[in-house]
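Here is the structure we will look at, set down as structure tokens.
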Amino acid sequence: MNIFETFWEYRSYFGQGIQYTLLLAAIGVVCGFILGLLVSMLRMSRFWLPRFLGTVWVEFLRGTPMLVQLFIIHYGLVSFGIKLTAIESGAITLSINSSAYLAETFRAGIQGVDRGQAEAARSLGMSKGMTMRYIILPQAVKSVLPAIGNEFITIIKESSIVSFIGVTDLMYQAQAVTTITYESLKPLLIIAAIYFVMTFTLSKLLGLFERRLSTDDHR
Amino acid sequence: MITVKDLHKSFGKLNILKGVNIEIAKGEVVVVIGPSGSGKSTFLRCLNMLETPTSGEIAFEGDSITDKKHNINLTREKMGMVFQQFNLFPHKTVLQNIMLAPVKVKKMPQPEAEKIALDLLQTVGLADKKDAYPSQLSGGQKQRIAIARALAMQPHVMLFDEPTSALDPEMVGEVLEVMKKLAEGGMTMVIVTHEMGFAREVGDRIVFMDDGQIMEEGTPSQVFGNPKNSRTKDFLSKVL
């Protein structure tokens, strides 16, 4: 059996793997984005307590392996009576982990926006919230878009660790096919190609989006 | 209209304003001059609380805006400000720059805000630039748009923080022209500037600041023609 035959023979396995990988990555991206935005706000708060909590969140999640985080959430929380399905644990881990990285990215972007922008907005009577929403965030997100793109791609790839707790994602399915066929290389090459198609497509899409956003840059 | 009483501002140990007192009447054009670091910009920025005074009181149309309970956003709607660095919103078109605050802050209907914006663009002579982005404009054009943006909120007073200092010399005139028209229309204005010719021509009152205090004030002919204070004389001899 050549590699294409292997793929075709076990297409239902890979198909299911794609579904779970995409599902988890999408949840990780969306929840990580929103959570990251909130955490970045905590990190820039005027008050020390939210700032402290934000810092602990970011430092802990960046400073410990994601696999350890995944196991703590999936196996460790059981001792507190919190039983999560493998999918739930995987989605939560990916979301909080990416939120830490995205929070730092957002913070850099927000702090990189010229102070005069906020002053101009405030001088027109806009509240802090309006200023953030209409003036600061659009400019901040635009300037850190490439970094956000990197993080999205990382989430897709790192989602493979959920196979450790039994989520039937691409990585898991490759191992499943290996157990059936005794072929170790071919299933891995197949999922590597699939992962690459996903990340490459995403990076191209982000590139398009970036160009659309930069229409107002004629410097 | 604006009353400032014993205004102090310090940044850490550095005292920038050391007791400023002034009263600004409706329709008056007050021009603040003085050497760099004399506190003129800080004073102006305190008037709409972009800088929080260390002590002292500012009242605007009878309300104490330095009061902690006062909602400063409501006051800022009535005080337009123009900055040295323009601070146009680069991700929005000229029209969006002007319409944003009336629509979002005053909840003005879109068509009405657009009409006001277009009228203002006409006034500043840039009607053809309504769909341009700020990065496509020259410095002088940017500043005229910034003035239009502030005027769109229909403010009762306009604050100008060295509006021509970041401009190439050939663009200074077009901005001053717009400001002059505004003054002639009866707008109350407080202007910090280094343009002495403009100050003399347009100002109702000249305020000379140095070392965080108002050293001398009076009509342009008094201050420029017959300065009393030795520091005013010294400053004017350097800039005129």
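Where strands (runs of 3 or more DSSP E) fall entirely within segment B:28-110, those with at least 2 residues that are within 13 Å of another protein chain (Cβ to nearest Cβ) are at B:79-82.
With the requirement that a residue be touching a strand residue (DSSP E or B) at 6+ places or on another chain (Cβ under 8 Å), acidic (Asp, Glu) and over 13 Å from residue B:190 (Cβ atoms), what does segment B:202-231 give you? The answer is B:211, B:216. The residue list B:185, B:203 contains one member that is within 17 Å of the chain's Cα centre (by Cα) and without any contact (Cβ under 8 Å) to a residue 24 or more places away in the chain, which is B:185. Pairs linking a residue in segment A:105-121 that is farther than 17 Å from residue B:90 by Cβ and more than 9 Å from every other protein chain (Cβ to nearest Cβ) to a residue that is of a type in the set (A, V, I, L, M) and open to solvent by less than 10 Å² (accessible area, probe 1.4 Å), with Cβ atoms under 8 Å and 6 or more positions apart or on different chains, are A:105/A:148; A:106/A:140. From the list B:106, B:92, the lone residue that is open to solvent by 40 Å² or more (accessible area, probe 1.4 Å) and in contact (Cβ under 8 Å) with a residue 24 or more places away in the chain is B:106. Look at residue A:206 and say whether it is over 18 Å from residue A:18 (Cα atoms), out of contact with any Ser or Thr (no Cβ under 6 Å at 6 or more places or on another chain), in a helix (DSSP H, G or I) and within 14 Å of chain B (Cβ to nearest Cβ). No; evaluated as a whole, the condition is false for this residue. Evaluating residue B:131 against the criteria (1) open to solvent by 50 Å² or more (accessible area, probe 1.4 Å); (2) assigned to a strand (DSSP E or B) leaves one unmet condition, (2).
Checking the structure you have, find out if any residue of segment A:133-148 is facing chain B (nearest Cβ under 8 Å) and open to solvent by less than 10 Å² (accessible area, probe 1.4 Å). Looking for residues that are facing chain B (nearest Cβ under 8 Å) and open to solvent by less than 10 Å² (accessible area, probe 1.4 Å), one finds at least one in segment A:133-148, hence yes. Restricting attention to segment B:173-195, the residues that are outside any helix (DSSP H, G or I) and among the aliphatic types (A, V, I, L, M) total 5. Among the residues here, residue B:183 qualifies as in contact with a strand residue (DSSP E or B) (Cβ under 7 Å, 6 or more places away or on another chain) and hydrophobic (A, V, I, L, M, F, W, C).
If you filter segment B:191-236 down to residues that are of a type in the set (A, V, I, L, M) and within 25 Å of residue B:168 (Cβ to Cβ), you find that the one that is surrounded by the most Cβ atoms within 10 Å (Cβ to Cβ) is B:191.
Checking each residue in segment B:164-202 for being closer than 11 Å to residue B:33 by Cα and among the small types (Gly, Ala, Ser) picks out only B:199.
The values are calculated or read from the model by the stated rules, or taken from the named source; none is laboratory data. Computed from a prediction, not measured in an experiment: that's the story for all the values here. FYI the Cβ positions are ideal-geometry reconstructions off the backbone, even for glycines, and counts take in every protein chain you see. The protein model used for the area step is the full one, side chains on, heavy atoms only, and it has no ligands, DNA or RNA in it. Shrake-Rupley method; radii C 1.70, N 1.55, O 1.52, S 1.80 Å.
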